[in-house]
Amino acid sequence: MVEACKATGKTIGLVPTMGALHEGHASLVRRAVNENNVCFVSVFVNPTQFNNKEDLAKYPRNIQRDAELLETIGADFVFAPTPEEMYSEEEMNTTFDFDFAGLDKVMEGKMRPGHFNGVVQVVSRLFYLVQPDKAYFGEKDFQQLAIIHHMVERSSMAGTFGNLQIIDCPIVREASGLALSSRNERLSEAEKKTALAISKTLFASLEWAKEEGATVEAVQQRVIDTINAVEGLEVEYYEIVDQTSLLPTNTFDHAIGCVTVYCGPVRLIDNIKY
Ligand code: PAF
């Protein structure tokens, strides 16, 4: 199929997903359908990027509903391999070796050792298999997106994916502000209400950053304290970093604040650009 597309000059768009699709994914797929001749969507809960077995087991899966949704949106191909089809036993059990130039040492990388090795392993494999012209990723996983840009543009793999363009897609939120996530399916109605304080605080922090004398450090701490003051929420980290290097910054220019919060047992992430 890929060869036929290449031979006839058809452009290929790829949307890599782990399924349990929601409106956030749908917005990526719609864009991929509009901007390419052929749209591939992969649905694969990649075991090598989970450092927590329970999280992997509980990750929501619903391929039937996903396939129906993808058909309505107009995706041409759904690629939903099993782990055994994707990896040899050795690949499944050894850490994928990759030079992240430090991008994996902060935030999610620090909290979830090996997570990004698994992400790069699966995403690079999908790129080699599907040979897309464009690949679409959501900004909710901002660190993942920064690492994928690094992989395609600056790492030792750069240049091996043809003229592949990585397309950054904005976070999709419920009207309430809650960032859409497959993990929201695990929240009760009450927890969903509690979780609203996350996005509300991030938006408020845009104003705090404009206050006279506001420092990155003070805004960072205020976000953490405000969210932690809500019963049922516990911040794992909130870091305001440079959007490219992901390193701590002392200016709001080109900065992004990335947060991870436990709402009951469910780990939610969100971010805001200053
Ligand atoms: O963001 C995700 O859903 C996953 O990390 C990805 C990019 C599909 C790789 O498994």
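Find the residue count for region 1-56, including only residues that are part of a helix (DSSP H, G or I) and either β-branched (V, I, T) or away from the ligand (no atom under 16 Å from the Cβ) (or both).
Of the residues in that region, 14 qualify.
Would you call A195 modelled with pLDDT of 95 or more, more than 21 Å from A101 (Cα to Cα) and surrounded by fewer than 14 Cβ atoms within 10 Å (Cβ to Cβ)?
no
Which one of these is acidic (D, E) and within 13 Å of the ligand (Cβ to nearest atom): E139, E174?
When all the criteria are applied, what remains is E139.
Could you tell me how many of the residues in region 226-271 are outside any strand (DSSP E or B), closer than 19 Å to E191 by Cα and not hydrophobic (A, V, I, L, M, F, W, C)?
6
Of everything in region 244-274, what is within 16 Å of E139 (Cα to Cα) and open to solvent by 40 Å² or more (accessible area, probe 1.4 Å)? Give them in sequence order.
T244, S245, H254, K273, Y274
If we scan region 93-107, do we find a residue that is farther than 27 Å from H149 by Cβ, out of contact with any Lys or Arg (no Cβ under 8 Å at 6 or more places or on another chain) and assigned to a loop (DSSP other than H, G, I, E, B)?
No - not one qualifying residue is present in region 93-107.
For residues that are assigned to a loop (DSSP other than H, G, I, E, B), over 20 Å from the mean Cα position of the chain (by Cα) and not basic (K, R), tally how many sit in region 162-210.
Within region 162-210, residues that are assigned to a loop (DSSP other than H, G, I, E, B), over 20 Å from the mean Cα position of the chain (by Cα) and not basic (K, R) number 6.
What are the residue pairs meeting all of these: first residue in region 98-121, first residue of a type in the set (K, R), second residue more than 12 Å from the ligand (Cβ to nearest atom) and open to solvent by 30 Å² or more (accessible area, probe 1.4 Å), Cβ atoms under 8 Å, and 6 or more apart or on different chains?
Cβ pairs passing all conditions: R112/N51; R112/N52.
Restricting to region 96-135, give me the number of residues that are among the aromatic types (F, W, Y), more than 10 Å from the ligand (Cβ to nearest atom) and crowded, with 21+ Cβ neighbours inside 10 Å.
Total satisfying the criteria: 1.
Being surrounded by 13 or more Cβ atoms within 10 Å (Cβ to Cβ) and part of a helix (DSSP H, G or I) is the filter here, so list the residues in region 66-90 that pass it.
D66, A67, L69, L70, I73, P83, M86
State all residues of region 1-23 that are in contact with a Cys (Cβ under 9 Å, 6 or more places away or on another chain) and either open to solvent by 40 Å² or more (accessible area, probe 1.4 Å) or within 18 Å of E71 (Cβ to Cβ) (or both); if no residue qualifies, say none.
Matches in region 1-23: T11, G13, L14, V15.
Name the residue, out of N37, N51, N93, N62, that is open to solvent by 70 Å² or more (accessible area, probe 1.4 Å) and under 20 Å from the mean Cα position of the chain (by Cα).
Of N37, N51, N93, N62, the one residue that is open to solvent by 70 Å² or more (accessible area, probe 1.4 Å) and under 20 Å from the mean Cα position of the chain (by Cα) is N51.
Could you grab the pairs with beta carbons closer than 7 Å, sequence gap of 6+ or different chains, first residue in region 213-241 and free of Cβ contacts under 8 Å to residues at least 40 places away in the same chain and open to solvent by 20 Å² or more (accessible area, probe 1.4 Å), second one outside any helix (DSSP H, G or I) and aromatic (F, W, Y)?
Close Cβ pairs satisfying both conditions: Q220/Y238; I224/Y238; E234/Y262.
The values are calculated or read from the model by the stated rules, or taken from the named source; none is laboratory data. The model shown is predicted, which means the values in this text are computed figures rather than measured ones. Neighbour counts run over all protein chains shown; Cβ positions are idealised from the backbone, glycine included. Accessible surface is based on the protein model in full, side chains and every heavy atom, while ligands, DNA and RNA are left aside. Shrake-Rupley method; radii C 1.70, N 1.55, O 1.52, S 1.80 Å.
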